[in-house]
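The values are calculated or read from the model by the stated rules, or taken from the named source; none is laboratory data. Computed from a predicted structure; not experimentally measured. Counting neighbours? That spans all protein chains shown, and the Cβs are built from the backbone with ideal geometry, glycine included.
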Amino acid sequence: MKTVLLMRHAKSSWKDEKLKDRDRPLNKRGHRNAPQMGELLLEKELVPQVILSSTAVRARQTAEAVIEKSAFQGDIRYEDSLYMAEADEYLKALYKLPDEIERVMIIGHNPGLESLLPLMTGQIEALPTAAIAYLSVPIKQWKELKKDHKAELVALWRPKELEE
């Protein structure tokens, strides 16, 4: 059994209209929510062994905040291919993981992550900024991962719901 944590980057700023999309940083809410989600991972004992993150500034800043608050000790890989990736690209990244990795987090973007979730679980759910979907995948090796593998959506945490 493998664990996949899908996290959409935290809320980004649109203040500087001259910035390229890839270079947009987190805004005030993003800087509040990303660490909050890192603390949640620590509390739930779901700190990943590896984080695969888009290279976009907002994704990198999200990853850094999660790392800081979750006591993450693993390997972080920033991958250009995950910037605005479609579901298939995320699956390819998972497929390449070494089998000793049991728990991985992907930090990426919509609409790709919202497409990946139903592809893996059969469930359609909204992934607002900084949301984390916790999936249990019934495989022993990452190479077994196929589009038709039905993972279980164990939990879905959205920052707004955690604040209520």
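Looking at 160, 146, 140, which is the one that is assigned to a loop (DSSP other than H, G, I, E, B), in contact (Cβ under 8 Å) with a residue 24 or more places away in the chain and exposed (fewer than 14 other Cβ atoms within 10 Å of the Cβ)? Talk me through it step by step, then tell me what you get.
Numbers: 160 fails: assigned to a loop (DSSP other than H, G, I, E, B); 146 fails: in contact (Cβ under 8 Å) with a residue 24 or more places away in the chain.
Criteria check complete, one pass: 140.
Inspect all residues belonging to segment 39-49 and state whether any of them is among the charged types (D, E, K, R), surrounded by 15 or more Cβ atoms within 10 Å (Cβ to Cβ), within 20 Å of residue 117 (Cβ to Cβ) and touching a helix residue (DSSP H, G or I) at 6+ places or on another chain (Cβ under 8 Å).
No, segment 39-49 has no match at all.
Within segment 1-55, restricting attention to residues that are of a type in the set (Gly, Ala, Ser) and out of contact with any Ser or Thr (no Cβ under 7 Å at 6 or more places or on another chain), which residue is modelled with the lowest pLDDT? Break it down stepwise before answering.
Kept after step one, since they are of a type in the set (Gly, Ala, Ser), are these residues of segment 1-55: 10, 12-13, 30, 34, 38, 53-54.
Add one more test, that the residue is out of contact with any Ser or Thr (no Cβ under 7 Å at 6 or more places or on another chain), and what stays is 12-13, 53-54.
Details: 12: 95, 13: 89, 53: 98, 54: 98.
In this case the residue turns out to be 13.
Quick check on my filter: what residues within segment 51-78 are in contact with a strand residue (DSSP E or B) (Cβ under 6 Å, 6 or more places away or on another chain) and crowded, with 19+ Cβ neighbours inside 10 Å?
We begin by selecting, within segment 51-78, every residue in contact with a strand residue (DSSP E or B) (Cβ under 6 Å, 6 or more places away or on another chain); these are 51-55, 58-59, 61-63, 74-78.
Once the filter is applied, which keeps residues that are in contact with a strand residue (DSSP E or B) (Cβ under 6 Å, 6 or more places away or on another chain) and crowded, with 19+ Cβ neighbours inside 10 Å, segment 51-78 yields 51, 52, 53, 54, 58, 59, 61, 62, 63.
Going by what's in this entry, would residue 145 be described as in contact with a strand residue (DSSP E or B) (Cβ under 8 Å, 6 or more places away or on another chain) and within 15 Å of residue 7 (Cβ to Cβ)? Lay out the reasoning, then the answer.
On the way: in contact with a strand residue (DSSP E or B) (Cβ under 8 Å, 6 or more places away or on another chain): yes; within 15 Å of residue 7 (Cβ to Cβ): no.
The answer is no for residue 145.
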